[in-house]
Structure formats: structure tokens, C-alpha cells
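Heads up: the structure comes next, in C-alpha cells.
The values are calculated or read from the model by the stated rules, or taken from the named source; none is laboratory data. Everything numeric here is computed off the predicted structure, so don't read it as measured data. Don't worry about glycine lacking a Cβ; one is built from the backbone with ideal geometry, like all the others, and counts go over all protein chains shown.
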Amino acid sequence: MNQRLYAGRKTLRTHPGALLLGSTGARLWADYVDPVPGFSGRFDFIHKVNIPILFQIDNHVTNSYEPCQTEWYPSYLRMTYTSTRMSLEERKFISWNDCAVSCQTWTNHSAEELILWLRTYADGFELHDGKRLQGIYPIPHYSFDVAAAISVSDTELLDGMRLAPGQSATFIIAAALGISGQDEMSMLHARAAAFTECGWTADQIVEKQCEEYQEWFDHAPAFTSSDALLDKTWLYRWFLLRHNLADPKYGNLTYPLFYEGRSHKKSKEPFSKGGWEFSKLINLSVPLHIMDARWYQDVSYAEGPLRNMAESPGEGGQFCCLTVDTVMHAFANFTCWAAYQLYLVHRNRDLIVKLLPSFKSQISEAIRVHGNESDHLMIEYKHTRTGKEYQPSYWYFHNYPKNPKDKQTYTHLKRVDRTVYHYLNTLALAYMCEIAGDTQAASYRRLAEAIKKDILEKMWDEETAFFYDLHHETDEKAFVKNIVGFYPAWAKMIDEPYNGMIGHLFNEDEFRTKCPFPSVSADCPAYSKEGGWMGHYVKGRNGCVWDGPTWPYTNSITLDALAKESKRRDHQYDDFFAHSLREYSFLHFMKRDLNQPGLVEHYNSATGEPLSDEQEYNHSFYIDLVISHVAGLTIEKDSVILDPLDAGLDYFSLDRVKAAGMEFRITYKKPGVHAEIPDLKDGYRLYVDGELVFAHDKLCRVELPIRKLTGTKGAILT
């Protein structure tokens, strides 16, 4: 992982001197680090708190270490600096148990003494036991303060380490952070001292960090193919999950979860709160995280967000956004559907039974808050709550006014996306009732069919072959082709009469822009490829506006829809899916350079330019697309379906997939092709628990009953 995702210098676009750090703790991470030895920059704990410094090594010669050379690895950051007076090499990381660790080597090249000393935040630290420091960071806007213990391998740093001309010194500093009053200071001291007083060399400590960091990835499926772009994006997507994984064990967040991002649209002022942050449970992105994380071998990470939301519900039991202290609002989401997909892989019936009342609440609350008396379509009253603010359909009935913030020009809509989510959630609830033996399964299935019927009959326009949002009172169509118009195909609710819909993806005047897929069709009068609204910014230069930019969020869903449509129609769109998947993959690399991994929130749909600066952004899925459509694996209740799209690969291998109590490996190789994988055989093959159970000379569809896979050893099924 380290070598394959190495990125050289990695910084914030809006703050070029702010270095990024890949490693994160369960609660501690760096928004960015300054190019100085130690941990100076902006550091966050559980949520955004903007601690300006954990510790830093100062000297009496210089306070600038630029230009310096930096090397970004997922598990640590290396910085080197050389001048005529001194040289410095530093490797630093944040461990999973929330320790900020710096391994430094200094050499004095001057003819005078070089003096080094440890600096901490203001006067907030005191000496403990003569060789360690401890202190508290007051956090005014949360219920917790942050306690810190700092340990050094050489106590001379506390008063001033003196290096004679030509002399070198290597030392280690570690700061362990925890919740004041909950985490014992003695434990924090022990954690920090484990790095500085263990007797290990700096090389050994860094090597240990790399091994421990890699161990998480060893429990993820492995994918290798003839396409370096897909392979590297696959690795980077697993890094995204690990980078955004958190386990606060505090307040409303007592179980693990994935953040939507580690950066933030907030002030960078020390201990400031203002603005929007992504480091919390955001219920809009939870199902997107689950779609990928369900394939991880440890189910606790994907189940954690569900448990958090169920134990800290909003009004009526609604799943909401959460901080440790606050139950916030709710976004539209497909969490029940994602939970059912998670069940299909890991088969945790106990969780389904336990959370079934919470899942039922999602359906009843959706109807109470967003339903209406005339049909089963869902009304959206706040355009921000589907996560797609400023989609032009809300202003269609007022001819796209210059000022979209004028509430008189805004129309509530029966939304395609919210209603499709409602359909999928209701259908999933029917399935989960069956699993739990609940008698309401049939009624939820009937409700799902009624929702589907209303979507197909009322939101579909035969003449333009597309699904549209509707006026909340008159049911007039808002003739704006939003990206969510493809959601009915993603939900697999369409058949032959709706075949014309998918063609809009191929039209260069609509959704086939240079950077597909725009959030609204390019022929919309309010289309803006770089965001903004009708020629001016409404949320700043980097603001979220869904009137034209390309978003990984909807790319993942739209590609899923495209793949399902290709399978439904005899694989006639496989080539376009392969092309579009590669274009989506390129979004994961700055300037399309595979040596610069980095995904942000949204992009210019004409050029691919990143429009935001939230690096390592995490509100989409990708791993599931590769497993479900490139390798072709789908796990159903009673069967395993293989149905890959031809993504133009000469070979691939998907390994270490644990699902339905089995371990799967799927391989493919064109005859006569040389593959970099030694044991790869020709054709399309499925191995279960190490045994070959299916083989065909070409990519093909096959449905295999689970009972046969678990009951037949060594036999090849045809």
C-alpha cells in the first residue's frame, strides 16, 4: 500500500504550504501539517477543533524549512531539509491509538553549536515525573476537552539539546491525545512512552507503523487487472475508507463510522467552530460508505454507523446526522437498502432483528414528513436535504431567477431521488421483515410496488424519455434533466418502455461532457460547468452547487444504473460503461496523474478541474462497482450471480472476498494473453473456499444456488 500510493508532495490546493498527512487515529488526525519538524498546523480530535500545535522542535538558527522535500505515504510523511548550516530528516505519523509520533535526525553542518528544544502550545503544558509533559486543550464548543501527554526519547530536548559542529542526533517525540476526564493521564503517558522509551530505533518505529497500518488492508479484498488505472483506484478507494474511519467511543458515536471527509469548509483559526465540517456522521453518505465497506472482512465498520443512528435517533426514530453531542437534521438517503445489501454479504440476522424497529421508523417518518395525500411520491421542501442543493428544477417554475436565495422563486418538488430512495428502503424493509419473521413483509412489499407505480406513471415523460421532478401541488413536470433522472434504472424498476432514457448519457449536448457526468444536463438554461448560479457564485468559489459540476457521489450511482441497464439489454453498453468507469477513476488523481492520488467533492464537468479542496473526500462508492460489474459478483439471498460487463480487460483477479459464509475468488484471462498473475488460467472462473466451482471460456452470466456452493466440494458447476 505505501509504495503503490506514494505521492511525493501532497498539499491543499487553497493552501500550498499545508502538507497533508495520510495516517489517522481513531479520534486524532491532521487537517494539515506545516513544513516544520513536529506537529504544527491544524489538528482535530473527533470533530473539527483546530488545535494549532501538538509539539514542535525549534532551533536558534532558522524558523523556515522551505524549500524542503516531502514524500507522502499513506502511513507516514517524510520531510527532508538541507542548508549550509544544518540538515533534517523527519518521518511522522498518527497511530490508530491517537499518538502523534515524530522521528527526527538532525546534523549540524555549521562551525557553531546547534541548539534544539521542544515547544508546545502556549503555557498549557507542565512537567511530569521530570521527563514528560502533560496538558489540556480546552475545546469550548464541544462537551469534551482534549488531554495530551508528551514523551521524548532524549530529555535534553526539554531544556535545549546542543549539537557540536559535525554532530548528528536522532530522537523520537510522541504526543498521546485523549478525552480529558475519560482517558486516564497515566494511560496517555504510557501510550506516548511506548514509542520513546521502548529502546527501538527510529527505523524500527516507522517500520512497525507501516506494518500495523498495512494490516487493516490485509483484510480487504484484492483486485488486480491489466488496467493500472483501475488497480490503483481500487487501492486508493480502500485507503479512503481507512483514512476516514473513526471510532470516537464517546457520546452519540459509540461505534465505528466513516466520515464524509477529514478536511472542512471552516475557518482555520485555532479552536474555531464556524463553517461546515464533514468529520461527523452524515446520514446521506452512510449508505454510500456501506456499499463499499460491506465487502470488508470485518463487518463492525459497516454496521457501526447503523448502530450509532439507531441509538441516537431524531424525531420519530429518524436516522440523522450526528456529532458526539448533537442529533442534527436528516438528509435523504437509502440506508435501509444499503443495510440489506450489507446483510446479504455478512448474514448478521441478529442485527436485522435488533434494528428492524428503527428501519420501520425510516419509512413511517419519510411518509409523515415528505409524503402527500395524492400519491406515494416524496416532497422535498428544502433543496439542501437531498444533498443536491441548487439543482435547477427547484427554480424551473420561476424561469431560473438571478437570485435563487429569494424564497418566492423557489418551488417545493416531488423529487425523483428522494422517492427512489423511499422505494428502495421500503423494498429492503420487506426483505428484512422476511428475514426476521415479521408479518409486515407483505404490506411493505405492496407499498414498494405502489411507490414504483407512481414513479413510473407520473415522473416519466414519454416524449423526452426521462424522469422529472414534479411540482408539489400540481404535479406539473419540471423539465430539467437532473442526474437523478437515471435513478429509476439504478433501482432496477424500468423495463422496455423506458429504454430511451439511458441514451441521454451518450448525448454530448446533455450528459456526455468531457468530464462525465454533470449534475444537470448541459442543455439546461441554468447549467454551469464550474458551479455558481446564472453567472455568479452563491456559495463562494468552492461551494456545493448541483447545477452542472460533476460529482463522484452521483457518478457512482449513475454508473451502477448504466451497468444494470447494459446487463438488462444484452450487454450493449459495456464499452460505454468501461469508458465511463475509467473517466470516473481519473477523478481520483490530480491532473489525471496516477502518482498524485486525491479525490475531492466535485469537478468542472467540461475540464475535470477540481472545484473543491476537501482532499480524500468520501461520499461515493467505487469498490462495489468493480466487484459487482467488472468481476461480476452479486450475492442474493439464496444464490450467487456472476454477470460481468466486458470492461476491456485482458485479465483480472478478485480475491479474498468473504460473503455468505464463503470465500470467493473470481479470475478472468483472455486466451494467449500474458498476465502478471502467475496462477491465472484462461477463461472466466469462480473459486469458492479455494475450490474451482465454475469455469467458462468467456465472460458470461450464471446463477449458482448457495446451497450447491456450500454443499459441493471439488465439483465444477455448469
Mind checking whether some residue in the stretch 220-240 is at pLDDT 95 or above, under 30 Å from residue 627 (Cβ atoms), hydroxyl-bearing (Ser, Thr, Tyr) and surrounded by fewer than 21 Cβ atoms within 10 Å (Cβ to Cβ)?
yes
Test for residue 595: is it surrounded by fewer than 20 Cβ atoms within 10 Å (Cβ to Cβ), farther than 23 Å from residue 667 by Cα and not assigned by TED's automatic domain parsing to the domain that holds residue 686
yes
Mind checking which residues of the stretch 135-177 are small (Gly, Ala, Ser) and assigned to a strand (DSSP E or B)?
135, 147, 148, 149, 151, 168, 169, 174, 175, 176
Can you run down the residue pairs with Cβ atoms below 6 Å, 6 or more apart or on separate chains, where the first is in the stretch 1-29 and over 15 Å from residue 77 (Cα atoms) and modelled with pLDDT of 90 or more and the partner is in a loop (DSSP other than H, G, I, E, B) and of a type in the set (Phe, Trp, Tyr)?
26/96
Among the residues listed as 90, 112, the single one being under 29 Å from residue 211 (Cβ atoms), assigned by TED's automatic domain parsing to the domain that holds residue 186 and not basic (Lys, Arg)
90
Name every residue in the stretch 597-652 that is part of a loop (DSSP other than H, G, I, E, B) and of a type in the set (A, V, I, L, M, F, W, C), in order of residue number.
599, 600, 606, 611, 621, 631, 645, 647, 649
When you scan the stretch 572-580, do you find a residue that is part of a loop (DSSP other than H, G, I, E, B), under 30 Å from residue 687 (Cβ atoms) and without any contact (Cβ under 8 Å) to a residue 40 or more places away in the chain, even just one?
yes
Can you name the residue in the stretch 417-463 that is basic (Lys, Arg) and under 20 Å from residue 370 (Cβ atoms) and is also surrounded by the most Cβ atoms within 10 Å (Cβ to Cβ) among such residues?
418
From 115, 94, grab the single residue that is surrounded by 14 or more Cβ atoms within 10 Å (Cβ to Cβ), β-branched (Val, Ile, Thr) and more than 29 Å from the chain's Cα centre (by Cα).
115
(1) acidic (Asp, Glu); (2) at pLDDT 95 or above; (3) in contact with a Pro (Cβ under 7 Å, 6 or more places away or on another chain) all hold for residue 71 apart from (3)
Being of a type outside the set (A, V, I, L, M), modelled with pLDDT of 95 or more and over 18 Å from residue 636 (Cα atoms) narrows it down to one residue among 404, 357; which is it?
357
Subset of the stretch 565-616 [over 24 Å from residue 521 (Cα atoms), of a type in the set (Asp, Glu) and out of contact with any Gly (no Cβ under 6 Å at 6 or more places or on another chain)]:
570, 593, 613, 616
Would you please name the residue that is farthest from residue 557 (Cα to Cα), looking only at residues in the stretch 393-424 that are under 33 Å from the mean Cα position of the chain (by Cα) and hydrophobic (A, V, I, L, M, F, W, C)?
395
Starting from residues that are part of a helix (DSSP H, G or I) and over 30 Å from the mean Cα position of the chain (by Cα), keep the ones in the stretch 487-514 and report whichever is surrounded by the fewest Cβ atoms within 10 Å (Cβ to Cβ).
496
